[in-house]
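One structure is given below, encoded as structure tokens.
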Amino acid sequence: MDFPEYRPRRFRRTENLRRMVRETVLSVDQLVYPLFVLPGKNLKNPVKSMPGVFQYSVDRFLDELKGVVQLNIPAILLFGLPSEKDERGSEAYSQSGAVQEAVRAAKDRYPELVVITDVCLCEYTSHGHCGLLHGQEVDNDSTLEILARVAVSHARAGADVVAPSDMMDGRVGAIRRALDGSGFDQAGIMAYSAKYCSAFYGPFRDAADSAPQFGDRRSYQMDSANSDEALREVALDIGEGADIVMVKPALAYLDVIRRVKDQFDRPVAAYNVSGEYSMVKAAAAQGWLDEKRVMMEILTGIRRAGADMILTYFAKEAADVLQS
Ligand code: PBG
């Protein structure tokens with residue numbers, strides 16, 4: 001049937017007609033809110049390049065969680081800053097680290113809230129790389145053991161899910177074995193499987209104080225030109241025990257999200273990263289676009305591409321829109 005018998009505009013005429021044929025549903029259930037914690041008391045430091053994002057001490061983080069829970073957001077993703085950095089990032093697996101304390105406090109106060117922890121070393125190493133150095137090289141295999149220790153320390157604190165973001169080969173398997181070996185077979189793994197070497201992480205590195213002190217992350221994060229390789233990465237991570245696979249960033253990689261969703265039988269997460277957030281905030285602050293509408297369009301687009309869940313600094317604002 002063609003025009004004039006078929007007129008697509010018929011079902012765009014009113015909001016209820018549009019609702020009936022709407023294909024993609026964005027719900028608060030699919031949102032994960034990233035938060036940054038640091039040692040100390042009564043701290044809420046604004047992150048300059050990310051309006052609305054703060055680094056919290058654990059006490060203030062708990063205050064913040066109240067609003068998150070009230071908005072019915074099911075899950076948070078925690079990043080930590082150490083009191084001291086060293087070559088090996090050893091504070092990353094300290095039981096008294098900011099993340100470990102925040103996890104304990106969060107699970108104590110809000111046992112139902114899903115707590116996911118980012119597992120990486122770049123916030124904790126003096127050189128800012130995501131793994132241990134041998135000379136100027138990030139050494140894969142010696143890093144695995146440390147990452148596994150970090151993951152176990154998070155699970156011991158009560159994390160429901162650990163999310164390795166380092167991009168070392170074999171880390172999902174190493175973490176799965178370590179978790180199982182320590183009695184945490186119920187802790188899930190959300191793997192940053194297709195994590196690209198992206199300039200969109202710029203603002204995050206202010207928030208997490210994790211910029212590499214020399215070089216860049218090209219030797220471990222993926223080349224943005226590749227998507228077949230993303231499928232190989234996802235296949236490896238699923239083989240090693242990933243429960244959820246992630247594509248990151250989201251906006252410049254919507255095709256990768258779709259390919260992963262079509263090809264694999266695991267929930268797919270997409271990370272709407274710091275630069276994607278800050279671009280919108282900056283343009284909105286100039287009055288150049290309608291922030292709420294752009295935010296909802298972006299999140300809906302990421303869902304339409306195939307993401308089952310979205311990690312986003314917009315989670316609270318989006319939850320607010322979705323509830324009104
Ligand atoms: C740590 C990590 C990064 C992000 C999440 N985990 C930064 C990086 O790889 O440099 C980026 C998140 C964002 O930009 O919002 N490896």
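Brief remarks on what is shown
- Ordering Tyr196, Ala250, Phe264 by Cα displacement along the dipole of the chain toward the positive end leaves Ala250 in first place; charges were set at the Cβ atoms of Lys, Arg (+1) and Asp, Glu (-1).
- Shape descriptor for the chain: Rg over Rh equals 0.99 (Cα atoms; Rh from the Kirkwood inverse mean 1/r).
- Between segment 295-320 and segment 7-80, the alpha-carbon center distance in angstrom: 9 Å
- Taking the accessible area of the chain, probe 1.4 Å, and keeping the other protein chains in place, the carbon and sulfur fraction comes to 48%.
- In range of the label at His134: residues from segment 86-105 whose backbone nitrogen is under 20 Å from the point 7 Å along Cα→Cβ: 87-90
- Largest to smallest in accessible area, the residues Met20, Met246 fall in the order Met20, Met246 (1.4 Å probe, all protein chains included).
- Rounded to the nearest 20 debye, the dipole magnitude of the chain is 1320 debye, with +1 charges on Lys and Arg beta carbons, -1 on Asp and Glu beta carbons, and the Cα centre as origin.
- Chain lengthening between Ala285 and Lys66 when straightened (0.36 nm per residue, less Cα-Cα): 76.1 nm
- The distance from the alpha carbon centre of segment 246-280 to that of segment 93-114 is 27 Å, rounded to a whole number.
- Rounded accessible area of Ser153 (nearest 10 Å², 1.4 Å probe): 0 Å²
- Alpha-carbon centroid distance for the pair segment 130-169 / segment 188-216, whole angstrom: 14 Å
- In order along segment 27-44, phi translates into HN-Hα couplings of 10, 4, 4, 9, 9, 10, 9, x, 9, 10, 10, 9, x, x, 10, 6, 10, 9 Hz, rounded to whole numbers, per the Karplus curve 6.51 cos²θ - 1.76 cosθ + 1.60 with θ = phi - 60° and x for Gly and Pro.
- Fully extending the segment from Glu229 to Asp320 would add 29.1 nm, taking 0.36 nm per residue of separation and subtracting the current Cα-Cα distance.
- Computed [θ] at 222 nm, helices only, for the chain once each DSSP H run of length n ≥ 4 contributes -39500 (n - 2.57): -12000 deg cm²/dmol
- Per residue, the chain exposes an accessible area of 46 Å² to a 1.4 Å probe, with every protein chain left in place.
The values are calculated or read from the model by the stated rules, or taken from the named source; none is laboratory data. What you see is a predicted model, and the numbers here were worked out from it, not measured in a lab. Cβ coordinates were reconstructed from backbone atoms using ideal geometry, including for glycine residues, and neighbour counts include every protein chain displayed. Accessible surface is based on the protein model in full, side chains and every heavy atom, while ligands, DNA and RNA are left aside. Shrake-Rupley method; radii C 1.70, N 1.55, O 1.52, S 1.80 Å.
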